[in-house]
6 protein chains.
Amino acid sequence: MKITVIRKAHFNAAHRLYRKDWSMEKNDTVFGLCNNPNFHGHNYEVEAHVSGPIDPETGFVIDLKILKEILKKEVHDRFDHKNLNEDCEEFFELNPTAENIAVVIYKLVKNKLDSKFDLKIRLYETNRNFVEVVA
Amino acid sequence: MKITVIRKAHFNAAHRLYRKDWSMEKNDTVFGLCNNPNFHGHNYEVEAHVSGPIDPETGFVIDLKILKEILKKEVHDRFDHKNLNEDCEEFFELNPTAENIAVVIYKLVKNKLDSKFDLKIRLYETNRNFVEVVA
Amino acid sequence: MKITVIRKAHFNAAHRLYRKDWSMEKNDTVFGLCNNPNFHGHNYEVEAHVSGPIDPETGFVIDLKILKEILKKEVHDRFDHKNLNEDCEEFFELNPTAENIAVVIYKLVKNKLDSKFDLKIRLYETNRNFVEVVA
Amino acid sequence: MKITVIRKAHFNAAHRLYRKDWSMEKNDTVFGLCNNPNFHGHNYEVEAHVSGPIDPETGFVIDLKILKEILKKEVHDRFDHKNLNEDCEEFFELNPTAENIAVVIYKLVKNKLDSKFDLKIRLYETNRNFVEVVA
Amino acid sequence: MKITVIRKAHFNAAHRLYRKDWSMEKNDTVFGLCNNPNFHGHNYEVEAHVSGPIDPETGFVIDLKILKEILKKEVHDRFDHKNLNEDCEEFFELNPTAENIAVVIYKLVKNKLDSKFDLKIRLYETNRNFVEVVA
Amino acid sequence: MKITVIRKAHFNAAHRLYRKDWSMEKNDTVFGLCNNPNFHGHNYEVEAHVSGPIDPETGFVIDLKILKEILKKEVHDRFDHKNLNEDCEEFFELNPTAENIAVVIYKLVKNKLDSKFDLKIRLYETNRNFVEVVA
């Protein structure tokens, strides 16, 4: 049996989709309204899906207090009420598309988890647009 | 890494579950209330899950404007405010169960996507009944 | 203090917006896609808001088993898996707009409630369009 | 009977809470993380609640196509993918708190509605924080 | 204009509906499964609706940090992961129906708010059953 | 093609996380507030995901009436308005963590399904914490 535990977190952030090495015209063509130089923003919702065996002692795959704390530190405290492009070094050279944000979060959370766990990240940019990352 | 982008669409439609080649009695036995000859209806919600590599240029798996447009044309405009049995040729000879509707949508959307993408369709008939199709 | 108890019910139905005494052209102009002669449909969600004093004996405004039963009989069993225009006498001469459906439900439920209660009906046609009726 | 029709819209925007005439220290004390000079953002959801009599001709309080169009023009197109502080003149001299945004939207929508209608605006900044404005 | 700010909180608790001064038979007749002597439980969701004028200085009706803190102390920390009947003195002599819980929360929150504010409490016992209290 | 049909059920229950063979101190350290000796509770939501081929006769993977009945009997009627630790033999010797509850439900439902079907169970303890079990 494969058991997966899922915990939700969230952060509210501003961002802008663009590449510094492209002209404003090309950025507008590719990224449209998302290339507003003054930024726009989202309420991001993050689900961390952690898979592994159930510990027969506790009945837990992973203690949710630990997973909650990892998400608080690595996701919420890092990105909440931030401008992803301007405030967060992860995106100084990386376009903060939902895909790239999810990959960054995947790596940050994976790095704090015991290597025995598999991880999937689901990131909601809106309730109509969302992405998943799994290795 | 496997990256998946999900986009939602919806349509409101009437339908009836029955087979022309079965008696009314047999249709009633198998399909119950869903065999109302005057039809009933649903607010269908559709999720298209598109998987592929991130384009390093744009940071997108697929430009959501393109996916949104495919869903508008192939799903919303085709089925919204329609009677699936009476108005939609896809169901003239196919019983519009949630399963069959999802398979039809899978084929319509897959046909418009670059072949490099994997696709999964999730279709909500209600928020208690839904189906998934993946090839 | 004013105390209100709210209970949800639902029904899935087909309908069509039109007036028999108008031409097809006028119906199309006013009701657009909702005037599909073959009908379309919705998952309707209904909230009954019942206000009154708390019974000091039970701690209830109204026993939810009673309210649940009223909604089952007067709303769910009457309208679920029905064509509102064709199957439901309430709409043989009344255009089944969300407004009119909510007024009909208001009257049906009010009629079964003790007169000491105030009632409000909220009806969701979709999660973007809904109506409220209160007397 | 009082009948109310509700229609939802949304916009994704960046904002910052602060007053130009206050010191950075005072802004930080009062507005905390919301005073990030680089902005943060939200997926705003807006509900317009329009009350009035049912038109016996159509069965509508207000044609939803009209209300939808007002919300598209006055709310979505004006604020979506914008920085409220930098791009929207409504907030050049007004702190874009949820309360103030809702009042601005109330006035914009009220101004386009027939005066016979009552209006309430509900604005979700997140699904934990929201505001209502009614005159 | 009447402006209302709404903030959500939650708590997960066990409870049982019964009156000590009634026989087990009478409790069963009135409260049914809710009279399980070993208790059952719910994820309760609470909305505090606080109405008052907008402070022209801050643009706030009430600083959400303050409202959030009141809800944390008076609702979450008091009732979360508790048995309402056994652990919470508010219900030692009061049947913890949704109505009574909402009235208790109304009083606890009202008591901590500036008297200039009006308050409404909405309490979800499930997403199908909920109550409102307003004075 | 792999087709999956999903049906939702729910139950409201009390529980407590602890091991009889551990001291109160160790139980507190590991399970924290969840080790309240008087129990707490949740609104559990269950999704049964049943995968198999579409029956070309009916257009169904599985008749939802059958799946609904299995969930009613094996999940709702067994656990609703119960104390999992005290009333349900499945947990007399098994700690009712979300993981263990989901495994128990997996086995109960799998046992009633035709062996040709694959099953996944998703169990929501809250809308922030949930688990999945798949064999």
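The values are calculated or read from the model by the stated rules, or taken from the named source; none is laboratory data. Please read these numbers as outputs of a predicted model, since none were measured by experiment. Here the Cβ positions follow ideal geometry from the backbone for every residue, glycine too, while neighbour counts run over all protein chains shown. Note: areas computed on protein heavy atoms with side chains; ligands, DNA, RNA excluded. Shrake-Rupley method; radii C 1.70, N 1.55, O 1.52, S 1.80 Å.
A few comments on the model shown:
- Conditions (1) assigned to a loop (DSSP other than H, G, I, E, B); (2) open to solvent by less than 30 Å² (accessible area, probe 1.4 Å); (3) in contact with a helix residue (DSSP H, G or I) (Cβ under 6 Å, 6 or more places away or on another chain): number failed by C:Val133: (1)
- Residue within region B:110-126 that is in contact (Cβ under 8 Å) with a residue 40 or more places away in the chain and assigned to a helix (DSSP H, G or I) present: yes
- Tally, over region B:80-96, of residues that are more than 12 Å from the chain's Cα centre (by Cα), part of a loop (DSSP other than H, G, I, E, B) and more than 7 Å from chain C (Cβ to nearest Cβ): 5
- Within region B:22-54, being among the charged types (D, E, K, R) and closer than 21 Å to C:Pro37 by Cβ holds for no residue.
- Residue within region F:58-70 that is under 12 Å from the mean Cα position of the chain (by Cα), within 23 Å of F:Tyr124 (Cβ to Cβ) and modelled with pLDDT of 95 or more present: no
- Region E:14-29, residues that are among the hydrophobic types (A, V, I, L, M, F, W, C) and open to solvent by less than 30 Å² (accessible area, probe 1.4 Å): E:Ala14, E:Leu17
- E:Phe91 in contact with a helix residue (DSSP H, G or I) (Cβ under 8 Å, 6 or more places away or on another chain), open to solvent by less than 30 Å² (accessible area, probe 1.4 Å) and either hydrophobic (A, V, I, L, M, F, W, C) or in contact (Cβ under 8 Å) with a residue 40 or more places away in the chain (or both): yes
- Counted residues, region D:76-86 - those being open to solvent by 20 Å² or more (accessible area, probe 1.4 Å) and in contact with a Gly (Cβ under 9 Å, 6 or more places away or on another chain): 1
- Any pair with Cβ under 7 angstrom, 6 or more apart, that starts in region B:1-30 at a residue that is without any contact (Cβ under 8 Å) to a residue 60 or more places away in the chain and ends at one that is in a strand (DSSP E or B) and aromatic (Phe, Trp, Tyr): B:Ile6/A:Phe130
- Any chance B:Val103 is in contact with a Lys or Arg (Cβ under 8 Å, 6 or more places away or on another chain) and aliphatic (A, V, I, L, M): no
- Candidates in region D:32-75 are the residues that are facing chain A (nearest Cβ under 10 Å) and in contact with a Ser or Thr (Cβ under 8 Å, 6 or more places away or on another chain); of these, the one that is most open to solvent (accessible area, probe 1.4 Å) is D:Asn43.
- Filter result (more than 29 Å from C:Leu119 (Cβ to Cβ), outside any loop (DSSP other than H, G, I, E, B) and either of a type in the set (Gly, Ala, Ser) or more than 9 Å from every other protein chain (Cβ to nearest Cβ) (or both)) within region C:1-31: C:Met24, C:Glu25, C:Lys26, C:Asn27, C:Asp28, C:Thr29
- C:Asp55, sole failed condition from (1) under 19 Å from E:Glu125 (Cα atoms); (2) assigned to a loop (DSSP other than H, G, I, E, B); (3) in contact (Cβ under 8 Å) with a residue 24 or more places away in the chain; (4) out of contact with any helix residue (DSSP H, G or I) (no Cβ under 6 Å at 6 or more places or on another chain): (3)
- Residues of region D:62-77 that turn out to be in contact (Cβ under 8 Å) with a residue 40 or more places away in the chain and either among the basic types (Lys, Arg) or touching a Leu at 6+ places or on another chain (Cβ under 9 Å) (or both), as a count: 6
- Scan of region C:97-108 for residues that are touching a residue at least 24 places away in the same chain (Cβ under 8 Å) and either surrounded by fewer than 24 Cβ atoms within 10 Å (Cβ to Cβ) or facing chain D (nearest Cβ under 7 Å) (or both), ordered by number: C:Thr97, C:Glu99, C:Val103, C:Tyr106, C:Leu108
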